[in-house]
Amino acid sequence: QVQLVESGGGLVQAGGSLRLSCAASGRTFSSYVMGWFRQAPGKEREFVAAISRSAGNTYYADSVKGRFTISRDNAKNTVYLQMNSLKPEDTAVYYCAADHAPTLSIETYDYDYWGQGTQVTVSS
């Protein structure tokens, strides 16, 4: 069982930056692929980024590539999402998720555990 708690969301102007954190409970954090997803009002939850167990591999949605960076610190049981050059269309609730499978996935159904989400609002 893994419990995930996101933090770091807030209100920011377009062009600004935010850093999201996701703290995980348990001793097996390093055995999970970690992902970030987001859901805007009236839209489906969508993939943002994922990182492999050892942080050797990352994958990003085209919409955030070059602006967002996913990273993890297995010693701190934490995964991060650094978001730069934010746009109003990045406004959403951001969720972190854990997947026990070894391969990176962009599908919500592959992830076993989810956090409660943190709101990110980007004003124009």
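The values are calculated or read from the model by the stated rules, or taken from the named source; none is laboratory data. Computed from a prediction, not measured in an experiment: that's the story for all the values here. Side chains are part of the model used for accessible areas, which takes the heavy atoms of the whole protein and leaves out ligands, DNA and RNA. Shrake-Rupley method; radii C 1.70, N 1.55, O 1.52, S 1.80 Å.
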Discussion item. Largest first, please: the extent of the C-alpha atoms of the chain along each principal axis, to the nearest Å.
Written reply: 41, 26, 25
Practice prompt. Work out, step by step, the length gained on full extension between residue 121 and residue 3: first 0.36 nm times the residue separation, then minus their alpha carbon distance; give nm to one decimal.
Written response: 40.0 nm
Worksheet item: If you build a Gaussian network model of the chain, linking Cα atoms that sit under 10 Å apart, which residue out of 64, 33, 79 swings the most?
Response: 64
Fill in: Residue-normalised accessible area of region 1-99, expressed per residue, 1.4 Å probe, Å²
49
Worksheet, complete the sentence: In whole percent, the fraction of accessible protein surface over the chain that belongs to carbon or sulfur atoms, probe radius 1.4 Å, stands at 47
Worksheet item: Using all Cα-Cα distances in region 82-124, what percent lands in each 10 angstrom bin from 0 up to the longest?
Response: 24, 40, 30, 6
Practice prompt. Could you check which residue among 113, 94, 32 shows the biggest mean-square fluctuation in a GNM of the chain with a 10 Å Cα cutoff?
Written response: 113
Worksheet item: Hey, what D do you get for region 1-56 in µm²/s if you plug the Kirkwood alpha-carbon radius into Stokes-Einstein at 4 °C and 1.567 mPa s?
Response: 97
Discussion item. At 1.306 mPa s and 10 °C, plugging the Kirkwood radius over alpha-carbon pairs of region 37-77 into Stokes-Einstein gives what diffusion coefficient in µm²/s?
Written reply: 138
